Amino acid sequence: MGKLIDFIFQRVFMAMLASGIFLVLALCGGLVLGIAPAGSVLMTLFAQYRYNYKQYKWTEAWTLFKENFVRSNQIFYTFFVTESAFLYGIYLIIQVPQSILTVLVTIFNLVFAVIIPLGYAVYLKLQVYFDMSYFNSLKLSFIGMFLSLLSMFKILIGAAIVLMILYLAPALVFFVFIGAWHFFISDLLEPVYQVVSSSIVAEP
């Protein structure tokens, strides 16, 4: 029982620590330009140190933040603008008289609105290990979604749970689940990284 309590406490403390690092870094970037590099930093630190909270240093986090600032924002806002376009498309379509065509277009937009965040999650995982160009980042993010469909399904379920918690207890999401979410997708997307890594190694 004592080990279980210690395990839970360690995980909750790590999630709070990571969430705190994320929020401070995001504020350093004025939120608008800070969210993307802050997410990249959390994924990198977790890949290196896992739940060893003593290894999480502000100096290293700040260095990673500056290194990832430009590229992470480029990728994030590419996904963000594309996602916004599909969501706005859904909004416009439901304003017009409905037909089979409008239903099909709505489904098309909805499918892409769902998978675009999955592509960004794949990018967050892969950018830890690979120094990718802008276009390679987008290409691998798209391909990576199809390398482990089970992982994508689990992420969607996790996202639904987080959204429900956000509705019921917003503070809990900001101070705990931001960090926990990055840990969650890092673990779930490990098979994607393994496939990409093995493919790169296998290339002549």
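Where a number appears in this text, it was derived from the coordinates with a stated rule and is not lab data. Keep in mind that what you see is a predicted model, and the values were worked out from it rather than measured. When we count neighbours, we look across all protein chains shown, and the Cβ atoms used for this are built from the backbone with ideal geometry, even at glycine.
So the values come out like this:
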{"read-out": "P(r), alpha carbons of the chain - 10 Å bins starting at zero, rounded %", "value": "8, 30, 36, 18, 6, 1, 0"}
{"read-out": "Mean residue ellipticity (222 nm) of the chain, computed from DSSP H runs ≥ 4 via -39,500 (n - 2.57), nearest 500", "value": "-27000 deg cm²/dmol"}
{"read-out": "Rel. contact order, % - alpha carbon contacts under 8 angstrom, at least six apart, the chain", "value": "28 percent"}
{"read-out": "Ordering of 96-108, 65-77, 33-45 by packing [mean C-beta count within 10 Å, highest first]", "value": "33-45, 65-77, 96-108"}
{"read-out": "Two-decimal ratio, segment 1-56, of alpha-carbon radius of gyration to 2.2 N^0.38 Å", "value": "1.28"}
{"read-out": "Ellipsoid semi-axes in whole angstrom, largest first, where each is sqrt(5λ) of the Cα gyration tensor of segment 120-170", "value": "26, 13, 8"}
{"read-out": "Per-residue ³J(HN,Hα) for segment 20-31, Karplus 6.51 cos²θ - 1.76 cosθ + 1.60, θ = phi - 60°, Hz, x for Gly and Pro", "value": "x, 4, 4, 5, 5, 5, 4, 5, 5, x, x, 6"}
{"read-out": "Candidate lysines - alpha carbon under 21 Å from residue 3, same-chain residues fewer than 8 apart omitted", "value": "54"}
{"read-out": "Residue 104 versus residue 200: modelled label distance in nm, points set 7 Å from Cα along the beta carbon direction", "value": "4.0 nm"}
{"read-out": "For segment 102-204: rounded, prolate or oblate by the Cα gyration tensor [a/c cutoff 1.5]", "value": "oblate"}
{"read-out": "Three-way shape label, segment 55-100, alpha-carbon gyration tensor, a/c 1.5", "value": "prolate"}
{"read-out": "Stretchable slack from residue 3 to residue 31, in nm (0.36 nm times residue separation minus alpha-carbon distance)", "value": "6.3 nm"}
{"read-out": "Angle between the chain longest axis and helix 178-188 axis [Cα atoms, degrees, rounded to 10]", "value": "80 degrees"}
{"read-out": "Per-residue HN-Hα couplings for segment 97-106 [Karplus 6.51, -1.76, 1.60; θ = phi - 60°; Hz; x = Gly/Pro]", "value": "x, 7, 8, 4, 5, 5, 5, 5, 5, 4"}
{"read-out": "On Cα atoms only, tilt of 58-93 relative to the major axis of the chain in degrees", "value": "20 degrees"}
{"read-out": "Rounded to 10°, Cα long-axis angle of helix 149-168 versus longest principal axis of the chain", "value": "80 degrees"}
{"read-out": "Efficiency of FRET between residue 81 and residue 52 - r from beta-carbon atoms, R0 35 angstrom, step 0.05", "value": "0.40"}
